[in-house]
Structure formats: structure tokens, C-alpha cells
Amino acid sequence: MRKKEYFADSEEASLLYREEFRDMKTEEPEVAPSPEKDKFEIIGKSTSRIDGEKIVTGRAPYTHDIKLRGMLYGKILRSPHACAEVISMDISQVQSLPGVKAAIQLKKGRVTYAGEQVAAVAAVDEKTAEQALKLIKVEYKSLPFAVTEEKAMEEGAPQVRKRPNVQKFNEYTRGNIDKGFKEADFVLENTYKTAVEIHHPAETHGSVAKWEGERLTVWDSTQAIFGVRDGLARALKIPASRIKVIKHYMGGGFGSKLGINDYTVAAAMLAKQANKPVKIILSRRENSLCVGNRPSSLQTIKGGVKKDGTLTALYLKNYTSGGIGRGDYCSEPVVDLYKCPNVQVEEHSVFTNTGASRPTRAPGHVQGTFALEGFLEELANKINLDPLELRKKNYSTKNQGDKETPYSSKGLNKCYQLGAEKIGWKRRNKRPGEGNGKVRRGLGVASQIWWGVGRAGTQADVKLHPDGSVEAICGTQDIGCGTRTYMATITAETLGLRPKDVTVKIGNTEYPWCGGSGGSTTTPSVAPAIRDAALKAADYLKKMAAEKLKAKPDEINITKGKFSNKNDPVQSIGYKKLIEELRKERKFRREKVFHGEYVGRPSGFAYNTFGAHFAEVEVDVETGKVKVLKVVGVHEIGRLINKITAESQIIGGITQGVSTALFEERIMDNTTGNVANPNFRDYKIATSLDIPEITPLIVDTVDPRINNLGAKGLGEPPRIPPAGAIANAVYNAIGVHVREIPMTPDKVLQALKRKEVD
Amino acid sequence: MTNFKIAEPQTIDQVTSLTIDKKDKYKLMAGGTDLLAEIKDEIIEPEVVVDLKSIPDLSYIKKEKNGVRIGALTSLARLAEDTLIKNEYPALHEAANSVASPQLRNMGTAGGNLCQRPRCWYYRDPQVKCRKKGGGRCFAFRGKNKYHAILGGGLCYIVHPSDLAPALIALDAEISINSPKGNTTIPLTNFYTLPKINVRKENILAPNEVLREIKIPLIKKEEKSTYSKFIERGTWDFAIVSAAVKGTVSGGIFRDITIVLGGVAPVPWRLTKAENIIKGKKITEDLVRKATREALKEAKPLEENGYKKELAEIVLYRAVLSLL
């Protein structure tokens, strides 16, 4: 038995991650792809973002920038109570305020967190809309609440949902845990804690809705245009075919924009009522309350190890809180990252009266990796073994959690080697905390496993025009990862053109279907689909060129805008010339669309991405302040598609990881029921001065069967290990593991006191 | 945010007369970096915002024979860049340079920095009516108080957020206040008041009074000063603990020394007891730490802010030793 679902109404977003990656089986491809033999000229090199200039010069249109004729501005009234019954609501007064064009009640019954939406208005400008909110009269009966995990877990605590506040949602067993502990020479047990984080994308959430008769167009800051379309169809009870969702550019989502949002539905309803377009943009404060968070975790790990470093047992008990939503599965690293015959897991959600969690860049894995990797560090010290050796000693070539299925490819050993060389692993303190002085240095490592497969059914078109111009089209969205750029690169590579010769069209549900951009799925979905379409276009052109060159199509080579005979390279025809002649011969007079699809990958293999991060830190042992000096992030992601944007992903992941390790924590107040720090003053994120020297490295191997390019995803992997690596480096520096993130000075000072007691 | 009117006075006298009949309904604005945030968050809802920047000639740094005069509307950026300040009053230079970010230092002013409101998250929560906002309790006392006061609390546990204030008090600065009753000059240290005097205010300024100028006396021979600010991240943060130290020092001994802590109390906190212990003795790390501990015996940390006491000891001994 693999997993047990306890909830009848599991949150959609969590399911998206869970089912799509672990449990989803795809169609067998008719012909297994064999991408290793392909040699590329552009793919794998650095191609600057084709839209980079537009973005940095402020000309790229974001949802915040959308302005339509007659557009109104919507604002949402939110519950000031963490738990209350809405006794009555009167929205009739708002229409008396000049400029107010629509008002709707959104909530009846119980509100279960402060910030839950209860009503909305639309007016000619934002200020009028804000004033209109004050005219809405809501009578609440406030009820007892629990906004912290501690409070919610107390005996007799107010019940947050219609079920106990603490509920098991996952258990897993392999082997026999007690046997494993008996076989061990050492057994260790520690508890690790991680805070609730908020996604806080630079661009706050927002939508613009416009009706034309029965048809609805929505501009949305989203990671999933089709998800928004289908969600709107369900919420508004209209056919999906009447809804168009557009997203050109966006300033980050990190998992918080993966589906339909209640404010988007509100915008559509207000727009209908007012018969005018309505724009709703959430404030930073609203972003702190009601559009998701990364669940906290309290993880106890008990593990057994032999003197030589062989793991014999790993046990994890996790209490994780995602507010009124479910906590995260944090057990994946414990189950899959290292070879261990006896593993047992139980995970519990703790419900609190706070906004529901949403997937947050590598959900569960960030928390789980921090705990597991910290634990391994302490275990290595216990048996006096180099922590890197402990990891290598328990290297696994099979995905043990997935019925011992062999990995299709795994380059983690190579990551260890490259990273250790680059950081200078030998410089680490052989005994944690052995250094002297007030400021001490340390080195730490953490590894990572993630999925990184594509979503079967992803479609893309390559369109050839009779004038020779080319379009690459897919209903995907670029959430900042360079999707446009690699669509151009792959199409150009396949057709022997340059990336700038290709016009890329994305971000519109009228284009071929593509799933949401979450779970590091976008590249391994879109890249093979567009490659498939481009290969079909290339086949057509090869056939035409073959006729001209009196050769067979498979004898034709395409490079640098030229079609030539492999056997006699002097025989060639240029791309432009070929198209021109075809047009004159009336063979190519209308646009030709070549449809590509990513259908799936062979079963019998586990498809995962791997990486290892090495961090160097400096800790002031008097003040408890940690400074991260260096992070080397090494990743194995199958074939590298675009070096420069892949490196950017790693740098971005580490930047966020440093912030997680040292600063980020949503603080709830038990008295008021409110978020104490719903702003960037009190919710601290890393500043540019906190970012260390970052070295991104990529192990460029080609997965032999995952797709026609051999490429895996990279969105989440670099976000996973930094906090673990940094915490381990702190341990190496000061000789005590802080066991809690963020490692703020007060917590480091506390840990140092624990060391004195030990 | 509620609607408000903007008043653009041309002289300080216009401010005092303008505001005389509109008690509590108007707010004076210098750089606006704090005031506008308070208005947007609906912490305050003034009818009139009086833009002091429309008054000419309130931005200056002038050296005269008795010392330096700084206009209240001098930007923090200008203060941080000024060579005279940097050379003669390093504590003030360092304090100005440590405020927020370059953008905020460009907008923020010296006078505004001294008069800014606390950043206590209960005070800044529009849904919370705490004692400082006319309510009946201090939510920090039994609430989330990691960043709150360990000294001088009681009715209210805010910490004063100003970086300039501890530095200027250590430098014996005075301020000139324009008031309808006439103009006065007082030591800056007398400007700030504890919650027990008036829980709703942090200083003695009446609504119709304007802080116009800061005066710092000439530096003495062998006088040195420094401002050391401990924050949680690399930059752009309010002090967890800060220490301003000024003294005349030679041969490793302070003949006189002034120590003012920031980030620990509702007002900049003078550490007279520690000064007395340190004065005239050969400075060692140990001596300063003992002196701080002695002086902080009266501290009453709340549940989550006890670490500030430890930090104060570290920040202060490092600041004092840096002047040797």
C-alpha cells in the first residue's frame, strides 16, 4: 500500500501536485523517444530572453497594466474576524455613493479566517470603490478561533473545520521500522520546525474581466490560463467555450496562482452586473492573507545508522499546518532520497483559522529536505563520518517509494563531485564548531529530489507562412522561466533558422491546450510538444527540398537556413529560396499548421530530477547573526535547453532559499486572530545585501526516454536544498544545529545556549 | 484611505495659525514616508495634510561658531553625504546612513525621522484599537513581542524607531520648536516622553508646534562618536538594538562618555549607570559588558524579546571598543 487519502475533499491544488507527479501514468509513446543521438547548435547554449528587452524597459504588458475603455475598479470587503457567523449583510447603501456601479454579496454563513472575502463592489475609480466598502453593513457574530498550531492542537481548542483540528492524511511503511532500529549501531531522534511562508510575488494577484454578450474575456495574473478558464466555467455555470483567458506577462506566482481565484469570479460577476469591464488587483496586505502560503511543519525524525554509515531505519512524524487548507506532504525526501530498507511515515494536518495553503515552489520538499538533511548532518557527526560520504554511502538508483522502480536517469553523484570541488569541501570543519573566535565559518551540503516530468496531452503548433515566416504557438504561459525563448530556440534549431526568425505566441486559451505552469512541468511539456510540431514542419520542408535536390527526404540535412544533401553537401538550397520556389510553383500558397503533442513516456522507470547545494556561512556567535557567503547549486535536469535561463532559475531558487533559511515567517497573533506582519516591513525577505555569491552548475546529461529532447524540469529543484545546506553550514560553523527556520538571531542564540547545556 | 486636503504654507507661522482651530484633524508632513503609509493603512484619517516642504529654507546644514545647525527638512540622504557631519559627528553620519533604503533616505527628513510614529505591528494594524490608539490595552504585552520594548514599557511596549534620535541625544543635540506661544529650544533628550506621561504620544510636540531645527554643539578635543545598529538582515530594517556612543577618549580611557540605546524602549534610552561605571577606567570588553549588564538590570523583557538584553551588551561593547 502506497498512500492513503483521508480527506473526502482534498484541496484541488495539492491534488494537482500529488496526482500529476507521483500517481499519474501517461500513455506509452508509440515510438520510444531516443533523444541522446541528437546534436544541437542552439539548444543547450545560452540564448538571451527574446522578450528581455521588453520586460526590462517596462513595455511588457502585465495584468496590472491592463486598461480598457470604461473599465471599473473592483474592491473586496474581507472579514475582520478569524471566525464568525455572518448574521446579516446590507449592501443596498453602496449605490447611493456616486460612481459605484455594482455590488455583490459573496458570503453567507461562517467565515473561517480573517481576510476571507464577504462582499465586493465596482466603481469608477479605486478610491470610490474603497469608500463604497465602508457603506456595506455586515453583522457578525464572532466565534472562538485558533490561529496558531499550538492553540489548535490544545485539548478543547475551537474546531476550525467540520472535523478535528488534527488529522492524519498520510502514512507509509516499507520494511520493518523496529527491525531497522535494532540493526542500527546508533539511533538518533530530533525535531525540526519550519515557519509558514507567503509566496509574495512581485506582482500581486489580479484579474480583469470583460463581457461581450455571452462571451467572457479575462486577463489574469495566473500560472494556469486553462485552469482559470475551466474554473470560471464551473463557478459561473457557463460553457468553457465561451471563456477566453489571456496572460501575456507576469511578475511571479510561485504556486500561488495555479488555479481559479475567488476574486476573479467576483470580477466577472461585477462586470456582468455593471455591464462594463472590471479590474480587481489585490493589495500586498491581501496577498498576505488570502492567496495561499507554504504550510508550516513540525517534523520529528528518528533514524538508525550503522557505524559504516549504512542507514537502517528512518521514521518521520510530521505536523503540518496550511490554515483552513491542508498541510504539505513533507515525507517525499525521507521516503525516496536515500537508500533505506525500513521507512515509516505519518503526517498530520493541523487546521487553523488562517488562509488556505497553496503549493509553494516545491511544496513539502523544502520543509522535508530541511529536516531530513539536518538530521543526516547530525547523524554523520554522531558516527564521525563526512556528511557527504554518508549521503554517497546511501545512494539509491531506484525510487524505493515507487515500488523500487529504477530511475530513468540520475546524475546526483556527479552533482556531489562538481559541487564539492567548487566550494572546496575539504575546507569544512572536520568537527562541527571546532573553530575559534566570534565569527565562525562553516560549510554545509544538502541534496534534492523532485519530479520534473511533462504533462501528457500538451499540444503546440508550428505554423509556416507562404512568405517563409514561422510561428510557434502554445497555450502555455511564461511565468518568468523563459518559455517564449526556448519555444523560439527549439523551433529555430529544428528548422535550421535563428530564434529571432520565429514569432512565439502563448498566453491565450485560444491556442493549443497546455496545463498549468506548476510542478516544474512547463519545459518538459511544452518543449517536446513544440519539438514534435517543428519536426513535422521540418519533415515537410525536407520532402520539398528532396524533390528539388533529387534526393530522398532522409538524405536532407538542415543547418543554418540551408537544406543540403548529406551525401553531396554541394547540392543545397536555402530556406528562403525553397519557400519562394514552392510559392511560385503554387505548391505552398496557404499557411501550413503542424500540430505537435507530448503524449507521454515509457512506463517501468521513475523520472526524477536531482541536485546538491553547498553553502558557506559566517556566524557571529555573540549576536547569532548568520551571513551566507557562498552557495554552489548543482543540478541534474536531463538535457539542458537554455543555459542562461537555467542558471537564472538556480540563482532565483537559491535567492528565495536564503530568504527562507534566514528571514521569512508569517506571524499570527492569537489575540486578534490577524496576521501580525502583512507587509514587507515586518515580513522580512532577503535584500540584495543578503544574497551570497551564487554559482549555478548544471550536469548536462540526456535522459534517454523522458521525451524527445531528454529534458526534465528545473522550476522547483533549486528552491529545495538551500535552507538545508545553509542550516548545515551553520551547524558546521557553531557546532549546534538550529533545527528551525528562519534562523533569526534570537533562534541562533537559543541554539547556542542548548549547546552549552549539551 | 480617506480623502484629505493638502495645505501648502509658505512660512512656519502660517502652519501654527493654520492649525490652531483644527485640532486633531490635521497632520504635519515632512518627507511623508511614514505619514502617507499611516494614512493609506487608515491608522490615521486627517482632514488636512500640511505639507511642510512648501516652506522654503528649512533644508540646510550650517556650521557656526557654536556648532552645527540642521534644518528639519534636510533629507536623510543629504545628512548622510555631508562631509562635515561625516568627519566631526560620525555617530550622526552612521545613523543617517543606516535608515531604511536609499529611496527612503532621499524622501525622509531629519525632523521627520525624529517625529515618526512607532512601527509596532498592533499599532499599525487598522483593525486593532490598542492603548496608543485610544483603546484599553497593549496587545504586545501578552502577544507577539519579539521586537518590543524591554525597558520603559508598562502601558505600551513600543520601541522608538528613530535612528537619528539616539545619535543626536548622545551628541547633546538641542531642537528648536516653533509654537504659537513663541519659539523654544530644548535638549532633544527632553523631547521624548514615556507612555506613562501620555500613552498616545512619543514626544512633547503639541499639534500646533513645529520642530524647526536641530543644533549640535561643537565637538570637543579628542571627542569621538559612533552609532551601531543591529538589524536582522543586511539592510533596510529597523533596529533590534542600536547604540550611540560619544566620549572624549585617550589612552584607552574615557574621560566622559554618553551612551544611548535605540530599539529597546519607547524612547531613546540613556544608560547613565553604565556611563558611570565605564568613565575613567581602562576600557576592556569585560568592563563594558559588566557595565551594560548592571545598567540593564532594570530591564523587564516580555516573553519573546529577552534576547535583546544579550544583544545590547554585545552591540554596546563593540561600539565602545571601536572608539579606542
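The values are calculated or read from the model by the stated rules, or taken from the named source; none is laboratory data. Here the structure is a predicted model, which means the values were calculated and not measured. Please note: Cβ atoms are built from the backbone with ideal geometry, for glycine as well, and neighbour counts cover all protein chains shown.
Quick notes on this structure:
- Scanning the range B:230-254 for residues that are of a type outside the set (A, V, I, L, M), closer than 28 Å to B:Leu287 by Cβ and within 12 Å of chain A (Cβ to nearest Cβ) yields a single hit, B:Phe230.
- Failed condition for A:Tyr731, given (1) within 25 Å of the chain's Cα centre (by Cα); (2) under 26 Å from A:Asn381 (Cβ atoms); (3) not in a loop (DSSP other than H, G, I, E, B): (1)
- Output for the range A:631-680, where each listed residue is under 17 Å from the mean Cα position of the chain (by Cα) and either modelled with pLDDT under 95 or among the hydroxyl-bearing types (Ser, Thr, Tyr) (or both): A:Thr645, A:Ser648, A:Thr655, A:Ser659, A:Thr660
- Taken over the range A:671-686, the criterion of being more than 7 Å from every other protein chain (Cβ to nearest Cβ), more than 12 Å from A:Glu197 (Cβ to Cβ) and in a loop (DSSP other than H, G, I, E, B) is satisfied by A:Gly673, A:Pro678, A:Asn679, A:Phe680.
- The single condition among (1) more than 30 Å from A:Ile720 (Cβ to Cβ); (2) surrounded by fewer than 18 Cβ atoms within 10 Å (Cβ to Cβ); (3) modelled with pLDDT of 95 or more that A:Thr559 does not satisfy is (3).
- Any hit, the range B:57-70, residues being more than 27 Å from B:Thr248 (Cβ to Cβ), acidic (Asp, Glu), away from every other protein chain (no Cβ under 14 Å) and over 18 Å from the mean Cα position of the chain (by Cα): yes
- Within the range A:18-67, being in contact with a Phe, Trp or Tyr (Cβ under 8 Å, 6 or more places away or on another chain) and at pLDDT below 85 holds for A:Arg18, A:Phe21, A:Arg22.
- Hits in the range A:507-535 (condition: assigned to a loop (DSSP other than H, G, I, E, B) and among the polar types (S, T, N, Q)): A:Thr509, A:Ser517, A:Ser520, A:Thr521
- Residue satisfying condition, being surrounded by fewer than 21 Cβ atoms within 10 Å (Cβ to Cβ), part of a loop (DSSP other than H, G, I, E, B) and acidic (Asp, Glu), within set A:Asp467, A:Asp478: A:Asp467
This table checks each residue for (1) assigned by TED's automatic domain parsing to the domain that holds A:Thr671; (2) modelled with pLDDT under 95; (3) under 24 Å from A:Phe680 (Cβ atoms); (4) touching a Ser or Thr at 6+ places or on another chain (Cβ under 9 Å).
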| residue | (1), (2), (3), (4) |
| --- | --- |
| A:Ser288 | no, no, yes, no |
| A:Leu316 | yes, no, no, yes |
| A:Arg326 | yes, yes, no, yes |
| A:Cys340 | yes, no, no, yes |
| A:Thr354 | yes, no, yes, yes |
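- A:Ala195 being touching a residue at least 60 places away in the same chain (Cβ under 8 Å), over 27 Å from A:Arg361 (Cα atoms) and of a type in the set (A, V, I, L, M): no
- Look at the range A:687-703: where a residue is facing chain B (nearest Cβ under 10 Å) and a partner is in a loop (DSSP other than H, G, I, E, B) and among the hydroxyl-bearing types (Ser, Thr, Tyr), sitting 6+ places away or on another chain with Cβ atoms under 7 Å, you get A:Thr687/B:Thr235; A:Leu689/B:Thr235.
Yes/no per residue for (1) within 28 Å of A:Ala202 (Cβ to Cβ); (2) aliphatic (A, V, I, L, M):
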{"site": "A:Tyr73", "(1), (2)": "yes, no"}
{"site": "A:Leu77", "(1), (2)": "yes, yes"}
{"site": "A:Met89", "(1), (2)": "no, yes"}
{"site": "A:Val94", "(1), (2)": "no, yes"}
{"site": "A:Gln105", "(1), (2)": "no, no"}
{"site": "A:Tyr113", "(1), (2)": "yes, no"}
{"site": "A:Ala157", "(1), (2)": "no, yes"}
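- If you go through the range A:693-715 and keep only what is buried (at least 18 other Cβ atoms within 10 Å of the Cβ), in a loop (DSSP other than H, G, I, E, B) and touching a helix residue (DSSP H, G or I) at 6+ places or on another chain (Cβ under 7 Å), you end up with A:Val702, A:Ile706, A:Asn707, A:Asn708, A:Leu709, A:Gly710, A:Lys712, A:Gly713, A:Leu714, A:Gly715.
- Residues that are away from chain B (no Cβ under 13 Å) and out of contact with any strand residue (DSSP E or B) (no Cβ under 8 Å at 6 or more places or on another chain), drawn from the range A:69-97: A:Arg69, A:Gly70, A:Ser92, A:Ser96
- Here the condition is being part of a loop (DSSP other than H, G, I, E, B), touching a helix residue (DSSP H, G or I) at 6+ places or on another chain (Cβ under 9 Å) and buried (at least 23 other Cβ atoms within 10 Å of the Cβ); of A:Ala114, A:Ala132, A:Ala122, it holds for A:Ala114 alone.
- Tally, over the range A:604-656, of residues that are part of a strand (DSSP E or B), of a type in the set (Asp, Glu) and away from chain B (no Cβ under 14 Å): 2
- Set side by side, the residues B:Glu275, B:Glu313, B:Glu285 differ, and just one is among the acidic types (Asp, Glu), more than 13 Å from chain A (Cβ to nearest Cβ) and out of contact with any Pro (no Cβ under 8 Å at 6 or more places or on another chain), which is B:Glu275.
- Filtering B:Ile216, B:Ile197 for residues that are away from every other protein chain (no Cβ under 14 Å), out of contact with any Cys (no Cβ under 9 Å at 6 or more places or on another chain), among the β-branched types (Val, Ile, Thr) and part of a loop (DSSP other than H, G, I, E, B) leaves a single hit, B:Ile197.
- Residue count for the range A:394-425 under the criterion of being outside any helix (DSSP H, G or I) and among the aromatic types (Phe, Trp, Tyr): the result is 2.
- Per-region count, the range A:709-748, residues farther than 30 Å from A:Phe40 by Cβ and either more than 14 Å from chain B (Cβ to nearest Cβ) or not basic (Lys, Arg) (or both): 26
- Within the range A:555-603, the residues that satisfy the criterion of being of a type in the set (A, V, I, L, M), over 30 Å from A:Thr521 (Cβ atoms) and not in a strand (DSSP E or B) are A:Val570, A:Leu578, A:Ile579, A:Leu582.
- Residues in the range A:47-90 that are buried (at least 19 other Cβ atoms within 10 Å of the Cβ) and among the β-branched types (Val, Ile, Thr) were compared, and the one that is nearest to A:Val147 (Cα to Cα) is A:Val86.
- Qualifying residue in the range B:119-133 (condition: aliphatic (A, V, I, L, M), buried (at least 18 other Cβ atoms within 10 Å of the Cβ) and within 23 Å of B:Tyr307 (Cβ to Cβ)): no
- Residue in the range B:15-24 that is surrounded by fewer than 16 Cβ atoms within 10 Å (Cβ to Cβ) and at pLDDT 95 or above present: no
- When A:Ala661 is tested against (1) more than 10 Å from chain B (Cβ to nearest Cβ); (2) over 22 Å from A:Leu749 (Cβ atoms); (3) buried (at least 24 other Cβ atoms within 10 Å of the Cβ), exactly one condition is not met: (2).
- From B:Asn106, B:Asn3, B:Asn97, residue being closer than 23 Å to B:Ser162 by Cβ and within 14 Å of another protein chain (Cβ to nearest Cβ): B:Asn97
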